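Scroll down for the structure; my scribbles are underneath it.
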Amino acid sequence: MHKFVLEAVPNPEESREIARQAIIILKKFISDESILHDIDLVLTEACSNVARHAYEHRADCNRLELNITVVPPEYIVLEIADWGRGLCSESIDFSMPSPEAIGGRGMFIMSKLMDKFELIKVENKNIIKLTRKVQEDQWLMKE
């Protein structure tokens, strides 16, 4: 098992950069470009959601944390954390929004591209926990 922690200020530039840094790390383990593309898309969406929504009306906290757990040859876990307002899991719509909708595609995309999607609240920390299974032949590095 391999663990990595990345931190950023949740603004559009740093949110994209933290996703790019995660892919650089994961390229050392994963050979399948489609999996890396899916993870890049999911992380970009999740991190930009933190930048856009987590700290509205709160200037006292401005932190984005990404924990990556790589468990060859089985799966990858991504935990995107913030200390902002959080999400209410009962109010999240995981269905595809209409073509006319301006937003609302992020949760749908994340739920479809990952094998497991969890919302976790630990004290004042909000975590989106995403798990992606990886087939044995899609790994570069196996333990």
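No value in this document is a laboratory result; all are computed from the given coordinates. Given the structure is predicted, the values throughout are model-derived calculations rather than measurements. Don't worry about glycine lacking a Cβ; one is built from the backbone with ideal geometry, like all the others, and counts go over all protein chains shown.
On a full-extension model of 0.36 nm per residue, what is the gain between residue 75 and residue 2, subtracting their alpha-carbon distance, rounded to one decimal in nm?
Going from the current span to full extension adds 25.2 nm.
For a protection proxy built on the mean count of beta-carbon atoms within 10 angstrom, sort 6-16, 23-33, 114-124, 39-49 highest first, please.
The packing order, highest mean first, is 39-49, 6-16, 23-33, 114-124.
Filter the cross-link list 27/125; 28/125; 112/133 down to pairs whose alpha-carbon distance in this structure exceeds 23 Å.
27/125; 28/125
Pop the C-beta distance of residue 52 and residue 138 into the FRET formula with R0 = 35 Å and round what comes out to the nearest 0.05.
0.65
Using the Karplus curve 6.51 cos²θ - 1.76 cosθ + 1.60 with θ = phi - 60°, what ³J(HN,Hα) values do you get for each residue of segment 10-21, in whole Hz, with x for Gly and Pro?
With the stated coefficients, segment 10-21 comes to x, 10, x, 5, 5, 5, 5, 5, 5, 5, 4, 5 Hz.
Give me the distance in nm between label points sitting 7 Å out from Cα along the Cα-to-Cβ direction at residue 41 and residue 11, one decimal.
2.9 nm
Take the Cβ-Cβ distance between residue 63 and residue 33 as r, set R0 to 41 Å, and report the resulting FRET efficiency rounded to the nearest 0.05.
Efficiency for this residue pair is about 0.85.
Using 0.36 nm per residue, how much length does the chain from residue 20 to residue 108 gain when fully extended, once their Cα-Cα distance is taken away?
That pair, residue 20 and residue 108, stretches by 29.6 nm at full extension.
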